[in-house]
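In what follows, a structure is listed as C-alpha cells, so that the remarks can point back to it.
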Amino acid sequence: MVVKSKSDEELIELIVQNHRPALEELYDRYVKLIYSFSLKMTKGDTEKTKEIVQLVFLRLWTTKRTYSSEKGKFVNWLLSITRNIAIDHIRKEQKHQGTVQLEINEWQQMQDQQTDDVLQQVSKNLLKQQLQEAKRHLSEPQQRLIDLLYWGGYSLSEIAELEQKPLGTIKSRLHQTLKKLRNYFNEETGGVRHGK
Amino acid sequence: MENKCENLSLYIIDELPEHEKEPFERHLKTCIHCQSEIDSLQATWQMLSYDVEETDVPESLKAEVMDFIFIENETPLQAQEVSNNKQSFLERLKLILTIQFSPLSIGVTAVLVIGLIGLLWINLHLRDTITALENKAGSPTKIVKSFNLKGQDLAGLANGNAYLLKEGSDTSLVVKLNNMPKTNADEVYQVWLLKNGNRQNAGTLKPDQNGNGLITYRLPKDHSFDEIGITLEPNPDNTQPQGQKVMGTS
C-alpha cells in the first residue's frame, strides 16, 4: 500500500485499522509543525516537547474515532489535540510545583523573544507576519491574554486571578480580542483562511 | 439570549464547563448572531497557531516516538492480557471443554454420569437392606419379659398377656387381651406404660366381636417401664388418661 499518495483523512482511517506505515506517514507530514508548536508551549523545553510529541502520536494511534473533514481542516484538528495534550502536561507540572505563579516578567521576556522571532520569520511566513501585524493592534492586556491563554495554557479564571480582574471582564476581553484580531486579519488577507 | 451569546468565545476556546456546552449548542441552533460569528472567530482562534517559529526536529525523535507507541505501550497491554488469562482460568477450562465436547456428547456424558450415580445409590441402598436382613436373620426375636394383665371393675372378666420382645436392637411390646367388654362409638382401650408415676401412651385398640384385641408397640430406644395400665378412653389420641383404668399388670 502506498501511503504517500493517501489523504490525511485516509491515513487516519488506516490508523484505525492498525496500519503502522500510515502513522509513520502522518509523522513525516506533521512532526515539524507539532514539534515547533509544542516547543513554544513548553517555552523551549526539548524534553517536555518530546514527551508531548510522543503523546500526540500515541493519541493518533489509539484513536477509535475516524477524523471527519466536517470538523474542519485536519491540521487544525491535529493542533487542537497537540494543544490540549500540552496544556495537560503544563498543568500537571504546575500542580507539582504547588502554586500558579504570575509570570508577567516571564511573559515580557516571551514577548521580546517573539518580537525577535517575528523579525526572523517575516520573509519566511507571510501568514505569520500578518498574524503578528494583527496582534500589534491589540492592547497590551489583550496581547497578554492571548499569550497566557493560547500558549501558556492558563484557564480564564486563572488569568482573572493573575490580572486581578473579575472573570466577566476577562471573558469580554477575550471576545473583544478575538473580534479585533479577526477584523485586522480580514483587512490584511481579505478573509480568515487557514492554509499552508 | 444576551447571556448565552457571551458564551460564544468560551465555547470556541473550549473553556465552557461541560454542563453549559449542551445548552449553548441548543442556543447556537437558533441564534443568527452567534451563527454568523462562530466560523470566523473560530478560524481566528485557530490562526493563532501560526505564531510559531518552525524548528528542526531531531532525527532521533521518530524512533523514540515509534518505540514509545509500539514497545512501551504494548507492554502494559500484554501484562493486562496475562492477568486476564489468570482471572479467566475457569472460563478457559469451559472453553476447552466446549471445544472438546459437542453438545451431544455433553448430553450423553451427563446421562451416563447421572446413571452411574443412580446405580451407586441403589447399590448402597441394597447393601443396607441386605445388612438389615442379615441382622434380622442373625438375631432371632427373643422374649425379654412377660406380663400378666388382669381386668378390674367393668372389665373384671378380662385377662391378657404382654410380652417385651427384643429383635436385634429393636424392642417392642406385644399386648394380647381376651374377654374385653365391647366399646361404644368412639371409645377405645388405651395402653399406658408407667414409670415413676409417668405415663407414656403405647397405642389404642378396639377388641373384636369376641372381645379379643392385639396391639404391638415399638419402644423408643432405651425406653423402659415398670408397669402396664389399660384405660377405657372416651375418644382416641389422648396423651394423658381421661377414662377409668380397666386392666393392669398384677
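Numbers at a glance
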item: Subset of segment B:2-51 [facing chain A (nearest Cβ under 7 Å) and acidic (Asp, Glu)]; result: B:Glu6, B:Glu15, B:Asp51
item: Selection from segment A:154-176 of residues that are among the hydroxyl-bearing types (Ser, Thr, Tyr) and within 19 Å of the chain's Cα centre (by Cα); result: A:Tyr154, A:Ser155
item: Which listed residue, of B:Glu227, B:Glu167, is surrounded by 11 or more Cβ atoms within 10 Å (Cβ to Cβ) and at pLDDT 85 or above; result: B:Glu227
item: Matching residues, segment B:53-69, being in a loop (DSSP other than H, G, I, E, B) and either more than 7 Å from chain A (Cβ to nearest Cβ) or among the charged types (D, E, K, R) (or both); result: B:Glu53, B:Glu54, B:Asp56, B:Pro58, B:Glu59, B:Ser60
item: Candidate set from segment B:188-215 (those that are surrounded by 13 or more Cβ atoms within 10 Å (Cβ to Cβ) and either modelled with pLDDT under 85 or among the small types (Gly, Ala, Ser) (or both)); member that is farthest from the chain's Cα centre (by Cα); result: B:Gly211
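The values are calculated or read from the model by the stated rules, or taken from the named source; none is laboratory data. Here the structure is a predicted model, which is why all the values come from computation and not from measurement. Reconstructed Cβ throughout: ideal geometry from the backbone, glycine too, with neighbour counts over all protein chains shown.
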